[in-house]
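Notes follow the structure.
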Amino acid sequence: MVDEGEVLWDESRIQHLMARELGEEVAGALALARETQERWTRRRHPHEGLRERKKRHTRQQISDVATVLFVMRGFDQVTVSQIAQIVGVSEKTVFNYFPTKESLVFDRSDETVERLVQALRERPQGESPTRAVLRALDEDMKDLEDLPDELYAFLPRFERMLEATPSLRAAWLDLQRRLVEVATEELAALAELDPRDPEPMVAARAIVALTDLANASRMRHIEAGLRGRELREAVLGDLDRAARLLDVGLRSFNPRAPLPSA
């Protein structure tokens, strides 16, 4: 076993697991996707130190193994101990990175909350809260363009696993609740209102609903056969249609913003 600061540079065991569970072709595509994700992360965090990189890499290994096993075998049929053994870390190390089994699935939840807050807090003058959130969601959409084609079939299976697992549905609702709380506080501060006032409360719920729409739109267009840039543009088009509707009602948070054009 290794401690939580170490990284497993030899990934042969993990790749063997992926091939066994997914097949050689999809496993190879997943390996390429992981390499692409590593390049994205390094670009976004150019000053990341070696120790931080090692910890992030170990965290990613744990998350990748867990996701594949959950989707292929079922969330309730896989234990944290099994995941730890495959990655080569202790069960304690897994829980150091992921406080619950469900958080292994929603491994980017803290980043999602942080990105939403930053988008609302740092939006340019004249930009509506809705458009600020769309910019944050667009960052996620960019990842779609570089996915290997073989992986698109894996994403609907992941969604079906979420829908079939009550504890994961509850965790997703909890994440949505966190997003609503954060958005309510930020919108209330921007408008100089009490967070308990109806305007920031309902506005936050409407804006956070865009994250649900993004997910549903992505799955619908993937199942329709869209890929790469075409997929991203279709999802962004759906989000833009929703944003136009919301912008009309949310102008009270930015009265200088023009009404969306028809």
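Can you tell me which residue within region 72-88, out of those that are surrounded by 15 or more Cβ atoms within 10 Å (Cβ to Cβ) and outside any helix (DSSP H, G or I), is modelled with the highest pLDDT?
Here the answer is Val78.
Just one of Ala209, Ala214, Ala242 is at pLDDT 90 or above, in the same structural domain as Leu162 (by TED's automatic domain parsing) and either out of contact with any Leu (no Cβ under 9 Å at 6 or more places or on another chain) or crowded, with 20+ Cβ neighbours inside 10 Å (or both); which is it? Don't jump to the end; show me each part of the working.
Details: Ala209 fails: either out of contact with any Leu (no Cβ under 9 Å at 6 or more places or on another chain) or crowded, with 20+ Cβ neighbours inside 10 Å (or both); Ala242 fails: either out of contact with any Leu (no Cβ under 9 Å at 6 or more places or on another chain) or crowded, with 20+ Cβ neighbours inside 10 Å (or both).
Of Ala209, Ala214, Ala242, the one residue that is at pLDDT 90 or above, in the same structural domain as Leu162 (by TED's automatic domain parsing) and either out of contact with any Leu (no Cβ under 9 Å at 6 or more places or on another chain) or crowded, with 20+ Cβ neighbours inside 10 Å (or both) is Ala214.
What residue, of Arg121, Arg115, Arg51, is over 26 Å from Phe154 (Cα atoms) and in the same structural domain as Val208 (by TED's automatic domain parsing)? Step through it out loud before you land on a result.
Working: Arg115 fails: over 26 Å from Phe154 (Cα atoms); Arg51 fails: in the same structural domain as Val208 (by TED's automatic domain parsing).
Selected residue: Arg121, the only one of Arg121, Arg115, Arg51 that is over 26 Å from Phe154 (Cα atoms) and in the same structural domain as Val208 (by TED's automatic domain parsing).
Of all the residues that make up region 152-168, how many are under 15 Å from the mean Cα position of the chain (by Cα) and either aliphatic (A, V, I, L, M) or more than 20 Å from Ala224 (Cα to Cα) (or both)?
3
Could you tell me which numbered condition His47 fails, if it satisfies all but one of (1) in a helix (DSSP H, G or I); (2) modelled with pLDDT of 75 or more?
(1)
Which of the residues belonging to region 89-114 are at pLDDT below 80 and among the small types (Gly, Ala, Ser)?
Ser109
Please determine whether any residue of region 171-189 is acidic (Asp, Glu), farther than 30 Å from Glu25 by Cα and in contact with a His (Cβ under 9 Å, 6 or more places away or on another chain).
No, region 171-189 contains no residue that is acidic (Asp, Glu), farther than 30 Å from Glu25 by Cα and in contact with a His (Cβ under 9 Å, 6 or more places away or on another chain).
When the residues of region 89-117 are narrowed to those that are of a type in the set (Lys, Arg) and in a helix (DSSP H, G or I), which ends up nearest to Leu175 (Cα to Cα)? Before you say what the answer is, go through the steps one by one.
Of all residues in region 89-117, those of a type in the set (Lys, Arg) come to 92, 101, 108, 115.
Filter once more, so that each one left must be in a helix (DSSP H, G or I): 92, 115.
Details: Lys92: 24, Arg115: 14 Å.
Here the residue is Arg115.
Out of curiosity, is Glu199 of a type outside the set (A, V, I, L, M, F, W, C) and more than 21 Å from Arg220 (Cβ to Cβ)? Write out each step before concluding.
Details: of a type outside the set (A, V, I, L, M, F, W, C): yes; more than 21 Å from Arg220 (Cβ to Cβ): yes.
Yes.
Yes or no: Arg73 in the same structural domain as Arg218 (by TED's automatic domain parsing) and in contact with a helix residue (DSSP H, G or I) (Cβ under 9 Å, 6 or more places away or on another chain)?
Numbers: in the same structural domain as Arg218 (by TED's automatic domain parsing): no; in contact with a helix residue (DSSP H, G or I) (Cβ under 9 Å, 6 or more places away or on another chain): yes.
No; evaluated as a whole, the condition is false for this residue.
Residues being surrounded by fewer than 19 Cβ atoms within 10 Å (Cβ to Cβ) and farther than 17 Å from Asp240 by Cα: count how many of those fall in region 127-144.
1
The values are calculated or read from the model by the stated rules, or taken from the named source; none is laboratory data. Nothing here was measured: the structure is a model prediction, and the numbers come from that model. Heads up, the Cβs are rebuilt from the backbone with ideal geometry, glycines too, and the neighbour counts pull from every protein chain shown.
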